[in-house]
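Report on the following structure.
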Amino acid sequence: GASAQDVINLARTQVGTHEDASGNSKFNNWYIDSALGQQNAHRIGAKSASVYKGQSWCDMFVSWLGQHTGTKGMGADAYTVSHAQWFKKTGRFGQTAKPGAVVFFAWNGGGIKGIDHVGIVVKDNHDGTINTIEGNTGNAVKTKVRDTSTVAGYGYPEYR
């Protein structure tokens with residue numbers, strides 16, 4: 001298994017990675033070619049994982065981090081709402097920002113059903129903001145400072 005710092009360190013190496021003109025990224029390509037992408041395509045009734053080509057890839061980035069670090073209990077999805085529901089179902093969803101937590105954003109509120117973006121917590125600034133690394137932010141992997149009022153909750157992987 002991996003540590004939270006392992007995931008943060010790998011995420012940092014991807015800052016600046018961006019999508020191509022078609023809206024595709026290396027994370028879409030990885031997800032499409034992965035068993036996870038095939039399983040999730042089947043779950044949503046798609047014929048193949050190519051359904052994820054050119055789609056929003058913030059959660060594919062988080063899934064990529066989990067798979068490439070061997071993180072247990074990170075989950076893997078392309079759809080942020082399903083991913084958050086999985087964390088909740090496994091009893092590892094909460095409201096405390098921790099380094100390495102998967103942070104789910106609902107820009108317009110609405111709890112889990114309102115989630116429309118995801119990233120990784122780097123640091124809780126203890127001032128109502130968190131430092132994050134997020135995929136598909138302005139079509140690239142970027143570091144951000146986010147107001148915690150936009151957070152629907154946090155998923156907690158099983159770090160060592």
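The values are calculated or read from the model by the stated rules, or taken from the named source; none is laboratory data. Because the structure is predicted, anything quoted here is derived from the model rather than measured. Using ideal geometry, Cβ is built from the backbone for each residue, glycine included, and neighbour counts are taken over all protein chains shown. The area values use the complete protein model at the heavy-atom level, side chains included, leaving out ligands, DNA and RNA. Shrake-Rupley method; radii C 1.70, N 1.55, O 1.52, S 1.80 Å.
Rg and Dmax over the alpha-carbon atoms of region 13-57 stand at 11.0, 34 Å. As a fraction of the 1.4 Å probe accessible area of the chain, surface on carbon and sulfur atoms comes out at 48 percent. Using only alpha-carbon positions in region 87-155, the gyration tensor eigenvalues give semi-axes of 17, 14, 12 Å once each is multiplied by 5 and square-rooted (largest first). Contact order for the chain, expressed relative to its length and based on alpha carbon pairs under 8 Å spaced 6+ residues apart, stands at 28 percent. If contacts are Cα pairs under 8 angstrom and at least 6 residues apart, what is the relative contact order of region 61-106 in percent? Across region 61-106, relative contact order equals 27 percent. Where in region 79-155 are there chymotrypsin sites (Phe, Trp or Tyr not before Pro) that are in a DSSP coil and have at most 11 other Cβ atoms within 10 angstrom of their Cβ? Passing sites in region 79-155 are Trp107.
Near Val141: Cβ cut-off under 11 Å, other residues only, Lys/Arg at +1 and Asp/Glu at -1. The net charge is +2. The separation of region 81-158 from region 1-36, counted between C-alpha centres, amounts to 16 Å. Shown for region 39-160 is the translational diffusion coefficient from the Stokes-Einstein equation, using the Kirkwood radius over Cα pairs, a temperature of 20 °C and a viscosity of 1.002 mPa s: 148 µm²/s.
Take the convex hull of the alpha carbons in region 1-100; its mean projected area over all directions comes to 6.7 nm².
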